[in-house]
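Here the structure comes first, spelled out in structure tokens, and everything after it is commentary.
Only the coordinates and a few stated rules stand behind these numbers; no lab work does. Keep in mind it's a predicted model, so treat the numbers as computed, not measured. Cβ coordinates were reconstructed from backbone atoms using ideal geometry, including for glycine residues, and neighbour counts include every protein chain displayed.
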Amino acid sequence: MSYTHLSIFERSKLEILHKQGKSTRAIAKELGRHHATIGRELRRKVAEHTYGAENAQEGYVQRRKASVSAGKWNPELASRIEEKLQATWSPEQIVERLRQEGQAMVGFKTVYRWLYTGRLVKGVLAVLRHKGKRRKPAETRGRFAVGKPISQRPKEIRNRETFGHWELDTVVSGRGRSKGCVATFIERKTRLYTAIRMPDRTALSMEIAFGVAASQYPVHAFQTATADRGKEFACYTSLEAVHGVQVYFADPYSSWQRGSNENANGLLREFFPKGTDFAQITDEALENALDLINNRPRKCLSWRTAHESFSEELSHLA
């Protein structure tokens, strides 16, 4: 049985027995306590000549208050954490990255506790990113059956051992909105994520968006692409011919085969929720969202950012 402190009831009984002249061991036996516990309790009396239960209880309460640690919270640390929270980092990302930089840090659960109790950003929980699956509407796009299936994709690409292999998808405006959408690209090894606005979800728009994305990086940065069989990717033969990439297609209803892209699209939705008209957002707003996503430390990258990992891989191509 675990140890418990003396209660006010026990102290009252102790006072009576002590006044009756009972020995320490006799009182301990009566209360079901160790005699050393009773001995320490009786030695704590300060001003009075005899033991008093009320004063003893008050002394116990004061000692308990003094024993509580002041904690590690301080304005400087809170300011550092709040800065990262505003940059859309999660508490775990903040803690692990700052630890890697050699800064003294508390556990990420402590950061959550400070946030919930109002010690950070005045308790505004909106700084926390949302998690959990969101129900997707039924797929209404046309599909095609030609092209190389993902089963033909080399094993080292699946294991993320080599650089230059991308997953592609589109993120659309809400139902009833304009046809505006964005083409999204993520490099599998480094998780660098980018998005290009498109006027509609057609193969021609995708071909142009791919060209824009590919032009931002060295030639060898794009070696393969993995997409679903939506009709916007019917331009795959042109992509292979013009950009020298090999395009592979995931199996139907197997979004997990493009898990990195699906996850990153969810991160983008935190900035542009369902119902956003992508025809109305600015390039600056999209670029800002991508910058925040790519500059978060990632657990899968040993707490480096996607931008840092991608830059390192590019340096090997030079």
Rounded to the nearest 0.05, what FRET efficiency is calculated for Tyr112 and Ser67 with R0 set to 25 Å and r the Cβ-Cβ distance?
0.55
Under 16 Å from the Cα of Lys179, which aspartates and glutamates turn up, not counting those fewer than eight places away in the same chain?
Glu139, Asp169, Asp200, Glu232, Asp277
Among Lys13/Lys65; Lys13/Lys72; Lys84/Lys148, which pairs are too far apart, with a Cα-Cα distance over 31 Å?
Lys13/Lys72; Lys84/Lys148
Please sort 273-285, 252-264 by packing, taking for each peptide the average over its residues of neighbouring beta carbons within 10 angstrom, highest first.
252-264, 273-285
The chain: antiparallel bridges as % of DSSP beta bridges, rounded to 5, reads 65 percent
Separation in nanometres of the label points that stand 7 Å from Cα toward Cβ, at Ala241 and Lys29:
10.3 nm
Stokes-Einstein D for the stretch 1-128 at 25 °C, 0.890 mPa s, Kirkwood Rh over Cα pairs, in µm²/s?
133 µm²/s
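Based only on other Cβ atoms within 10 Å, what is the fewest-to-most ordering of Cys181, Cys300, Cys235?
By the 10 Å Cβ count, ascending: Cys300, Cys235, Cys181.
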Rounded to the nearest 500, what is the 222 nm mean residue ellipticity of the chain from helices alone, with -39500 (n - 2.57) per DSSP H run of 4+ residues and division by all residues?
-13000 deg cm²/dmol
Between [x] 5, 20, 21, 15, 10, 7, 7, 8, 5, 1, 0; [y] 6, 28, 37, 24, 5, 0; [z] 6, 27, 34, 22, 10, 1, which matches P(r) over Cα pairs in 10 Å bins from 0, in percent calculated for the structure shown?
[x]
